[in-house]
Amino acid sequence: MMMASRRHAANSMAGTVRLFTTATAANKPLMAAAVHLLPLNYLHSGCGGALVRSASTSAANVDVAAEGHNTTAPSAAGHGGGKDDEKTITSYWGVGPTKVTKQDGTEWKWTCFRPWETYKADVSIDLKKHHVPTTLLDRMAYRTVKSLRWPTDLFFQRRYGCRAMMLETVAAVPGMVGGMLLHCKSLRRFEHSGGWIKALLEEAENERMHLMTFMEVANPKWYERALVFAVQGVFFNAYFVGYMVSPKFAHRMVGYLEEEAIHSYTEFLKELDKGNIENVPAPAIAIDYWQLPPDSTLRDVVAVVRADEAHHRDVNHFASDIHYNGRELRESPAPIGYH
């Protein structure tokens with residue numbers, strides 16, 4: 001009797017659509033019809049779009065576009081926009097691209113940063129500030145950075161575009177490592193970070209945007225790209241260990257590294273002024289990120305990048321001073337948004 005009941009139940013379910021299985025060519029029409037039984041929020045995200053056909057996440061695994069549910073919206077690639085009529089892909093979970101516009105109502109074409117993350121760089125910052133090394137750790141940090149400058153000068157010489165690109169692949173590491181370690185420390189100790197996690201990650205993101213900008217004007221050779229792998233691998237692990245052992249040393253070293261960056265960009269500007277490097281129009285990504293005038297040039301870009309490095313110099317020397325005073329970073333509010 002029990003077996004008969006089970007067979008009856010199986011037969012009664014034979015005509016029922018199994019929504020959470022992979023559709024085959026034979027049952028696809030039946031599955032498409034079943035899509036209309038799903039709630040509306042299963043079919044569309046908040047910004048519109050067709051349900052993604054995914055073997056792992058799609059409940060129905062049906063091409064909804066065939067049923068008239070397809071919509072179109074402007075798309076944006078990683079560093080720019082696409083065709084206006086390109087179809088937007090929206091996931092089954094309702095997470096999809098949002099339409100972002102500028103203040104003038106035109107479409108925002110960047111997905112790597114948003115309008116509210118842009119700013120005008122403070123180019124009036126004092127570029128000549130220098131922390132005179134007084135302690136043993138200060139001298140170690142200072143000499144470590146100075147020792148790194150010689151091979152860099154030898155390798156790049158006056159190719160400042162590629163030099164800037166290489167510099168930014170290194171400069172974007174300390175903020176990420178420091179922010180990651182402070183994040184883990186905050187979790188272990190059940191305490192706030194004073195905003196320093198966000199401040200250091202902001203620094204890392206800002207340095208990465210420098211790299212994205214210089215990639216538009218410099219064309220690194222294959223061996224320079226290979227060098228990035230080697231340098232980043234060594235520096236990441238070395239800085240990780242250094243920060244674990246002595247955060248005040250790590251921040252002081254980054255402060256001196258930023259001082260060297262200011263010097264490098266100052267030399268870059270001199271070469272532009274002499275005409276040794278062509279002062280090409282500023283990349284579009286730089287104009288939007290730093291809110292530069294439309295007719296800005298490479299010189300304007302280098303000037304704002306140098307100002308950013310000066311701000312990073314101040315933040316890291318300040319962080320080191322906090323540790324030298326026997327305090328933790330969380331005890332002093334972080335300079336979030338300090339540009």
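The values are calculated or read from the model by the stated rules, or taken from the named source; none is laboratory data. Since the structure is predicted, the reported quantities are computational estimates derived from the model, not experimental observations. No Cβ is skipped: glycine too gets one built from the backbone with ideal geometry, and neighbour counts run over all protein chains shown. Surface areas here come from the heavy atoms of the whole protein model, side chains and all, with no ligands, DNA or RNA. Shrake-Rupley method; radii C 1.70, N 1.55, O 1.52, S 1.80 Å.
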Calculate what fraction, in whole %, of the accessible area of segment 91-138 sits on carbon and sulfur atoms when a 1.4 Å probe is rolled over the protein chains.
57 percent
Under the 7 Å Cα-to-Cβ spin-label approximation, Arg158 and Met215 lie apart by a distance in nanometres of 2.9 nm
Given a Förster distance of 22 Å, report the FRET efficiency between Ser332 and Val241 from their Cβ-Cβ distance, rounded to the nearest 0.05.
0.30
Based on the alpha-carbon gyration tensor of segment 259-339 and its eigenvalue square roots a ≥ b ≥ c, which shape applies: rounded if a/c is under 1.5, prolate if not and a/b is larger than b/c, or oblate?
oblate
Starting from the residue with the highest accessible area, list Met176, Met215 in decreasing order, probe 1.4 Å.
Met176, Met215
Using the eigenvalues of the Cα gyration tensor, what equivalent ellipsoid semi-axes result for segment 114-249 when each is taken as the square root of five times the eigenvalue, whole Å, largest first?
26, 21, 17
Cut-off under 5 Å, modelled amide H: who pairs with Thr297 long-range:
Ala282
Counting other Cβ atoms within 10 Å, which trypsin sites (Lys or Arg not before Pro) in segment 231-339 have at most 11 and lie in a DSSP loop?
Arg327
